[in-house]
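Bear in mind these aren't lab numbers, they're just calculated from the coordinates by the rules spelled out. Predicted, not measured: the structure shown is a model, and the values here were computed from it. All Cβ positions, glycine included, derive from the backbone under ideal geometry; neighbour counts span all protein chains shown.
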Amino acid sequence: MNIILLGPPGAGKGTQAQRLVERFGMRQLSTGDMLRAAVKAGTPVGLKAKAVMEAGELVSDEIVSALISDELAAMGSDVGAIFDGYPRTEAQAVSLEAILDSHGRKLDHVIELDVDEDALVERITGRFTCASCGKGYHDRFERPEKEGVCDKCGSTEFKRRPDDNEETVRTRMAEYRAKTAPILPFYEKNGIVSRVDGMADMDAVTAAIEAILNR
Ligand code: AP5
Ligand code: MG
């Protein structure tokens, strides 16, 4: 199965993708995570992407589509893909069709996380992740069971994203509205779009997504 999780910054794409990975053994393909890894490693892609990401703008279509193509090429054909944060423009949606085709895959679902933008700023500014395994947390909504210790791997190091400040979040939302939301009709034509209430609690959102996948 190949699915896209679509929604503005903070909608819960990464949170839900991690849960689907654990439950169904699918693979999360997050262009944001790939770009952050490239920035950290100081690769040519990372050097190009750093300032763009810090400003909350979109990295070029060519760069992100190449990242996705490489990841899919390295994956077993029996492993399902969860596209998290990709595609984000019409050009990327067109590239994804071609990339999937070349791997004999097809899109099964596009799941839109429907959220109230005003609540997202709080979600994003409170977000942190384990520096070792990447598990996501939130200052208010999902704290580690034992303060300062990751539930999943026991690490005591956590990190926050440099683009998770209010000003950059507003730019990221404007980018979503202008360039990403308009790709929905592209998929609606194929009848594969489902909407989920992304303001519900995390478990309810997971249950709603699972119901769509089991349909
Ligand atoms: P990316 O990393 O994709 O960031 P984003 O789209 O802005 O989305 P986020 O990761 O911020 O949100 P999320 O939906 O994953 O939310 P999460 O689950 O963490 O992209 C970053 C940058 O990289 C872009 O700005 C761009 O520059 C570049 N980029 C990436 N892909 C690109 C592409 N394809 N093309 C061009 N450029 C690209 O949840 C947020 C918080 O809320 C967490 O703390 C979580 O615990 C909490 N939370 C989640 N769900 C709930 C809930 N139901 N109730 C309460 N709290 C919740
Ligand atoms: Mg994310």
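What nm distance separates the two modelled labels at residue 101 and residue 178, each placed 7 Å from Cα along Cα→Cβ?
Taking the two extended label points, one gets 3.0 nm.
7 Å from Cα along Cα→Cβ at both residue 60 and residue 146: what's the point-to-point distance in nm?
So the label points at residue 60 and residue 146 sit 4.8 nm apart.
For Cα pairs less than 8 Å apart in space and 6+ apart in sequence, what is the mean separation divided by the residue count of the stretch 31-94, i.e. the relative contact order in percent?
Computed value for the stretch 31-94: 30 percent relative contact order.
Compute the distance in nm between two label points, each set 7 Å from the Cα along the Cα-to-Cβ direction, one at residue 41 and one at residue 190.
Spacing of the two 7 Å Cα→Cβ label points: 2.9 nm.
In terms of the Cα gyration tensor, with a ≥ b ≥ c the square roots of its eigenvalues, is the stretch 41-119 rounded because a/c is under 1.5, prolate because a/b exceeds b/c, or oblate?
oblate
Once amide H atoms are placed 1.01 Å from N in the peptide plane, what residues at a sequence separation of 5 or more from residue 4, or on another chain, have their amide H within under 5 Å of its amide H?
Residues meeting the criterion, in which the H sits 1.01 Å from N, are 83, 109, 110, 111.
Where a ≥ b ≥ c are the square roots of the eigenvalues of the C-alpha gyration tensor, would you call the chain rounded, which needs a/c under 1.5, or, failing that, prolate if a/b is larger than b/c, or oblate? Show your work: numbers first, answer last.
Values: a/c = 1.32, a/b = 1.19, b/c = 1.11.
Rounded.
Please report, in debye to the nearest 20, how large the charge dipole of the chain is about its Cα centre when each Lys and Arg carries +1 at its beta carbon and each Asp and Glu carries -1 there.
That gives the chain a dipole magnitude of about 400 debye.
For the stretch 1-143, calculate the relative contact order in percent as a whole number, restricting contacts to Cα pairs under 8 Å that are 6 or more residues apart.
With pairs under 8 Å counted, the relative contact order is 38 percent.
From the Cα gyration tensor of the stretch 111-203, with a ≥ b ≥ c the square roots of its eigenvalues, which class applies: rounded if a/c is under 1.5, or else prolate if a/b is larger than b/c, or else oblate?
It is prolate, given that a/c is not under 1.5 and a/b is the larger ratio.
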